[in-house]
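Right, one structure below, let's go through it.
The values are calculated or read from the model by the stated rules, or taken from the named source; none is laboratory data. Because the structure is a prediction, the values reported are computed rather than measured. Note that each Cβ is placed from the backbone with ideal geometry, even for glycine, and that neighbours are counted across all protein chains shown. Please note that ligands, DNA and RNA were not included when accessible areas were found on the heavy atoms of the full protein model with its side chains. Shrake-Rupley method; radii C 1.70, N 1.55, O 1.52, S 1.80 Å.
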Amino acid sequence: MAGTALHNDKALKDLQAGRELKARGNFQAALRCFKKAIGGYKKGRDKSGVALTLCEFGEIYYLKSEYAYAVNYLDKAQNMAAELGDLRLVIRARRTIGIAHRVLGNTNLALQILTETYESCRKAGDRKSLHKHQSSIGSVYTDLRDYKKSLYFHKLSLRGALRYEPDAVCPIYNNIALVYGKMGDYKMSLKYYYKALELVQNAKGLPVKYVILHNIANIYELTKKYKLALKYYSDSLKGLSPEDFPLQSAVVLSNLGSILMKLRRYAESEKSLLKGLKLAVKIDNTERIGIIYDTLQELYIRKRSYSRALEFHRRNMDHQAKILKDLVEKKYAEIQSRAAVERVQLQNQHIRQRLQYRNRELAAMARNLAQKNDLIASLQAHTKKGTRQSKDDKDIFRKIDDFLNTKSDWAKFRDLFEEAYDGLLEKLHDKYPSLTRQELRICALACIGLSTSMIARAMFLSQRSIENHRYRLRQKLGLSSNDDLAAFLNSSAEFDFQLSTP
């Protein structure tokens with residue numbers, strides 16, 4: 001127990017150290033600390049600590065723009081938190097998953113997830129966190145170009161942040177400014193950007209400050225105030241680590257190159273654009289690569305370096321052709337996948353129909369056997385009520401007993417059953433060699449859905465005897481009294497349709 005507590009204490013220190021590094025933007029070092037924390041919590045058997053650290057992992061990868069990794073870790077965190085009943089952590093992880101899907105362009109899915117987390121947070125009575133969800137929903141509505149709803153949610157968020165979390169006000173100002181910019185109200189947009197900038201001046205975390213400076217530069221570029229745009233693009237680039245923020249760095253460098261070109265500072269423009277291109281190629285961001293190719297082509301035309309302009313035009317054409325080829329291949333793969341699924345569904349439907357037909361045949365055969373047994377049993381009972389039995393009578397009774405125990409009907413039934421159920425009885429016998437012939441018969445009859453009373457009639461045994469057989473059968477198969485014998489047997493058959501799905 002002491003060792004467990006020691007591991008957990010060490011893990012908590014690593015977790016706190018990772019959070020401090022995360023706040024300073026040192027993500028690689030933070031990830032190393034979080035990795036140690038997970039190892040410590042696993043040794044200390046603290047599942048809640050593991051879940052919390054997985055969530056921190058996911059948030060780091062989100063900040064690093066590695067969204068697939070982010071969603072993977074956050075999904076693990078939310079699943080583990082759900083098992084532990086930690087609703088707060090589930091909401092936190094799921095909200096970031098929603099934000100990641102928004103960045104990935106899955107806008108409708110993002111809105112669905114974020115609305116669900118908002119409702120969960122509201123029902124849980126967590127007023128202090130509501131503003132975070134409102135802000136995230138507002139950003140999705142911005143992507144959907146529903147600016148009225150976007151402003152509504154962002155301003156709701158602003159009121160909550162002012163009351164409960166003043167440190168969160170800065171990014172909300174930025175979001176409101178962004179919406180006004182989208183609406184073409186540049187005056188209001190700059191007003192809120194500068195409010196945000198005042199609050200972030202002394203902040204240690206780089207991402208928010210980078211975003212604000214970059215967005216201010218965008219507004220000045222739109223209003224053709226290129227010198228001011230150049231100033232703010234340059235400021236946003238300062239201290240921005242290409243290792244931690246490759247995409248953001250590529251975007252700023254390409255925008256900076258575009259402004260420098262418009263100011264006729266061609267050498268600096270070329271240098272900035274080529275740096276941005278190198279980063280964009282490294283992370284394989286096809287959209288940014290295409291933008292930079294276009295800008296470089298325009299730059300070389302302005303410089304009258306037509307051979308270089310032609311070179312980048314060709315490279316851009318090759319790049320666009322590759323994008324188109326990848327898109328066609330992706331669509332073709334999707335079509336093939338859908339076709340394969342449809343084929344499997346048709347095959348499964350055919351198997352189901354064939355199995356239903358076989359089950360009807362088997363059930364009819366079992367009912368006929370039960371009716372025949374009932375008839376012969378009544379005849380036997382009626383005959384035994386007569387006078388003293390002669391030698392011939394005894395021979396008749398012996399023949400009746402032999403007929404009741406005949407193997408011919410069972411053999412026909414078994415052959416049909418094994419064909420329909422892909423040799424299930426043989427497989428059961430191989431896996432559970434202690435199963436008797438009577439128990440295998442009960443398995444077959446139960447598998448096609450016959451009741452205990454019908455099984456008793458078909459096998460010419462008492463219902464109590466069948467119940468005893470079923471009890472021993474469950475023990476041999478390792479089933480509890482709550483387990484459904486027929487469901488177990490059907491699940492053991494190899495016509496499990498889900499296994500056939502690609």
Please work out how much length the chain gains when fully extended from K42 to K155, using 0.36 nm per residue of separation minus the C-alpha to C-alpha distance, in nm with one decimal. 36.5 nm
Under Karplus coefficients 6.51, -1.76 and 1.60, residue-wise ³J(HN,Hα) of the stretch 445-457 in Hz, glycine/proline x: 5, 5, 5, 8, x, 6, 6, 4, 5, 5, 4, 4, 5
Going by the alpha-carbon gyration tensor, a ≥ b ≥ c the square roots of its eigenvalues, is the stretch 197-286 rounded (a/c under 1.5) or, if a/c is not under 1.5, prolate (a/b greater than b/c) versus oblate? oblate
For A486 and Y164, calculate 0.36 nm times their separation in residues minus their Cα-Cα distance, and state this gained length in nm to one decimal. 110.2 nm
Under a point-charge model restricted to the Cβ atoms of Lys and Arg (+1) and Asp and Glu (-1), what is the dipole moment magnitude of the stretch 176-287 relative to its Cα centre, in debye to the nearest 20? 460 debye
Could you give the accessible area per residue of the stretch 186-312, probe 1.4 Å, as a whole number in Å²? 52 Å²
The Cα radius of gyration of the stretch 410-462, divided by 2.2 N^0.38 Å with N its residue count, comes to 1.10
Between the stretch 148-205 and the stretch 1-58, how far is it from one alpha carbon centroid to the other, in angstrom? 33 Å
Lysine pair count for the stretch 1-72 [Cα-Cα under 18 Å; pairs on different chains or 8 or more apart]: 18
